[in-house]
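Chemist: Just dropping this structure here.
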Amino acid sequence: MHALIAEDDIHTRDGLAEVLRGEGYDVTTAADGQEALRQFHACRPDFVCLDIMMPEQSGFEVCRRLRELAPELPIIFISAKSEEVDKLVGFDLGADDFIGKPFSTREVVARIRAVTRRCYARQPQPSPSFVMGDLRVYPAELRARRDDRTIELSLRDVKLLQLFHSHAGQVLDRHTIVTHAWGETYLPNSRTLDQHISQLRKRIEVNAKMPQLICTVHGVGYRYDR
């Protein structure tokens, strides 16, 4: 899933990009309104994060144009202009959500996941749920459930679980896993995959210290045993 971030402040822009890439999204950035429109035509993102106060064209103007080009495109305003009138203008233009600055990483992640679920809901054939042990995974919801407990997942978590489920019983080497979940152009450090698997296990395993769903195969990679 591809996100376009249009934000003139480089620190905010890079911070948002880092958060979204960490969640598993492909990210394109733009520093002003005109570049945002150019990048939209170039990459056709699944959703857009827009600042309001940008050079060349404001976020309001970009949103108006995007609504003409792609009526169903999810748009989130992320701006220091958080007065009620600004929110009302944004929603009148067709924005799906509005996040005021300063914001927390947790808030951004929660809002982005909500937008992602709406994107999946609009697809004619959303990814079906599947079972791993006593866990049922719902890709379109970015969630899994065990009994009456709901487990929140990132887009990258879902990619990993889909990969393991589709290769049940097979040992997957580290390169295969990283390429599938991070992309061919990503160059992780030596611990990126292990750290992510460790955090995922804490959420989906009954006992993360004795994993039953994602097992380590020392010197090679990981395996899911059906």
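Coordinate-derived values only; no laboratory data. Note that this is a predicted model, so its numbers are computed, not measured. Glycine gets a Cβ as well: all are built from the backbone with ideal geometry, and neighbour counts include every protein chain shown.
Chemist: How big is the shadow of the Cα convex hull of region 2-122, averaged over all directions, in nm²?
Modeler: For the Cα atoms of region 2-122, the hull's average projected area reads 6.5 nm².
Chemist: Can I ask one more? With N residues in the chain, what two-decimal value do you get for its Cα radius of gyration over 2.2 N^0.38 Å?
Modeler: Rounded to two decimals, the normalised Rg is 1.11.
Chemist: Can you give me the relative contact order of the chain as a percent, contacts being Cα pairs under 8 Å and 6 or more apart?
Modeler: For the chain, the relative contact order is 13 percent.
Chemist: Let me ask something else. Highest GNM mean-square fluctuation, the chain, Cα pairs closer than 10 Å: which of Ala110, Ala208, Ala70?
Modeler: Fluctuation is largest for Ala70.
Chemist: Student exercise: in the chain, how many lysine pairs 8 or more apart or on different chains have Cα atoms under 25 Å apart?
Modeler: Final tally of qualifying lysine pairs is 4.
Chemist: Given Cα positions, please report Rg to Rh for region 58-153, the hydrodynamic radius being the Kirkwood one.
Modeler: Reported Rg/Rh, Kirkwood definition of Rh: 1.08.
Chemist: Can you give the Kirkwood hydrodynamic radius for region 113-226, in Å, rounded to one decimal and based on Cα pairs?
Modeler: One over the average 1/r among Cα pairs gives 14.7 Å for region 113-226.
Chemist: What net charge do the residues around Cys43 carry, taking every other residue with its C-beta under 14 Å from that of Cys43, with Lys and Arg at +1 and Asp and Glu at -1?
Modeler: -1
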